[in-house]
1. Take the Cβ-Cβ distance between residue B:29 and residue B:133 as r, set R0 to 56 Å, and report the resulting FRET efficiency rounded to the nearest 0.05.
2. On full extension of the chain, what length is gained from residue A:5 through residue A:38, given 0.36 nm per residue of separation minus the C-alpha to C-alpha distance?
3. What is the spin-label model distance, in nm, from residue A:96 to residue B:190 if the labels are put 7 Å beyond Cα along the C-beta direction?
4. Calculate the dipole size of chain B relative to its Cα centre from +1 charges on Lys and Arg beta carbons and -1 charges on Asp and Glu beta carbons; express the result in debye to the nearest 20.
5. Report the charge-dipole magnitude of segment A:14-105 in Debye, nearest 20, computed about the Cα centre from +1 at each Lys and Arg Cβ and -1 at each Asp and Glu Cβ.
6. If you count, for every residue in A:78-84, the Cβ atoms of partner chains within 10 Å of its Cβ, what is the mean?
7. Taking only Cα atoms and a 10 Å spring cutoff, compute GNM fluctuations for chain A and point out the largest among A:39, A:51, A:18.
8. Averaged across A:34-42, how many Cβ atoms of other chains sit within 10 Å of each residue's Cβ atom?
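The values are calculated or read from the model by the stated rules, or taken from the named source; none is laboratory data. Given the structure is predicted, the values throughout are model-derived calculations rather than measurements. As a convention, Cβ positions derive from the backbone with ideal geometry for all residues, glycine included, and neighbour counts pool all protein chains shown. Ligands, DNA and RNA are excluded from the accessible area calculation, which covers all protein heavy atoms including side chains. Shrake-Rupley method; radii C 1.70, N 1.55, O 1.52, S 1.80 Å.
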Amino acid sequence: MTMDATLSGHLQELRRGTVVVASLTVLREPGYGYSLLETLSAAGFEVEANTLYPLLRRLEAQGLLTSSWNTDEARPRKFYRTTEQGDAIAAALRGEWARLDKAVGDLDTPTGTTAGSEQ
Amino acid sequence: MNSLIDRYVFTVLRRVPEQQRSDIEQELRTSIDDAVDARVGSGEAPDTAVEQALLELGDPDRLADGYAGRPRYLIGPEFYQIWRRMLVMLLSTVLPVVVTVAAVIRVLDQATIGEVIGTVVGTALTVGAHMVFWVTLIFALLDRAGVAGPQLRRKPWSPDDLPHYEAGFLTPANTAAAVVWPVLLIAGLVLQQFGFTEAPVLDPANWSFWWPYLIGVLILEALYPVWLLRRGAWTHTATAVNAALAVLFAAPVIWLAATGRFFNPEWIASLNWGATDPLDWLTGVVIVITVLAAIWDVVEVGVRAERARRGLATPVPGTGREFTSPLS
């Protein structure tokens, strides 16, 4: 396995699950499939349409999103919106993400460990 | 141009539950149209825009599996372990027994050597394929029915489940396996009188004493492992009892075969093996198998008992070390 393939495999492992946090966070303002896809790619999330669209329906089935059809425009669109429960879960996930980020940062700071061992 | 989108959407819908189809269709069409519009807006030709938008969505089968929440594997990690264990058990234990029984029946049916080989190969392939197919089908269905793998286990794994490596350690499973052979032999002895062939294979005259006697010895052979398990220790007595049982069984069989009173003369007469004399040949086979089996049995149990009694170590291949644990 080349270095690139190894890296992309690990990156994929690391990114798995971030789309859920991002979607639940973005959809506090109602949005539809394609708009969410645009928002996420603009924000730097590498998400594919064929992953995102089924994911939205799965989150809806879990009660983390609700949906309603908006037929005001020429093109009827299904708008998703984060539920209270979804918001709570997204907050918990963001908390965990921040904790991990800090933990990884602490491990990566060599001064912290030397200072700790000298004390 | 639209026909491409239609074909894509229908391909996805075909593999999605019916009650979700209209909802998914509308949403998917809107999403595709949005993507196409965005591409056209940034200056792409409409035809290319449709193609690129669909290309971005990827394989419709994969998208449909995503919508339907279908796993993209046959047997998931929940069931893989138990599926594999069951296949190994069936193919390594049950299949050889079935093939052997089929071959023996063919031999008794006066088949030629070629026909027997054909039966062995054919049975092994057919029965093996059936085993693999049905076990895999059942586990694939269980996986899709959402049964949790751990529900199939009586209790979660604990350190008590670790296998034992002490020489001569007996588990109830070992004992059960050791009981099965004598029971099968008794069944074969009784059934050959009525089933399989027109004339019984073994001399019916011996029902006056020797066959009931052998059945009695075999019952003792079946009780021996149970007795050993309850004793829980390999002693000189265990070795001696095993050797005595082996002699009690083998000696009469060899004597009967050597004096020509083992096989039913009527059945021998019905055999037509051309130049070879069936009686000579079969007598030789019976004597050789009986002697070898008896020697193997006595030596194997003797060595095992001696190792266990002395608490000898079990070598662990590849480590250069040995597993030592004295038997209590």
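1. Approximately 0.85, to the nearest 0.05.
2. The span from residue A:5 to residue A:38 would gain 9.2 nm if fully extended.
3. A separation of 6.1 nm, rounded to one decimal place.
4. 1480 debye
5. For segment A:14-105, the charge dipole is close to 200 debye.
6. If you average over the peptide's residues, the count of other-chain Cβ atoms is 1.
7. Ranking A:39, A:51, A:18 by mean-square fluctuation puts A:51 first.
8. Mean shielding by partner chains, rounded to a whole number: 2.
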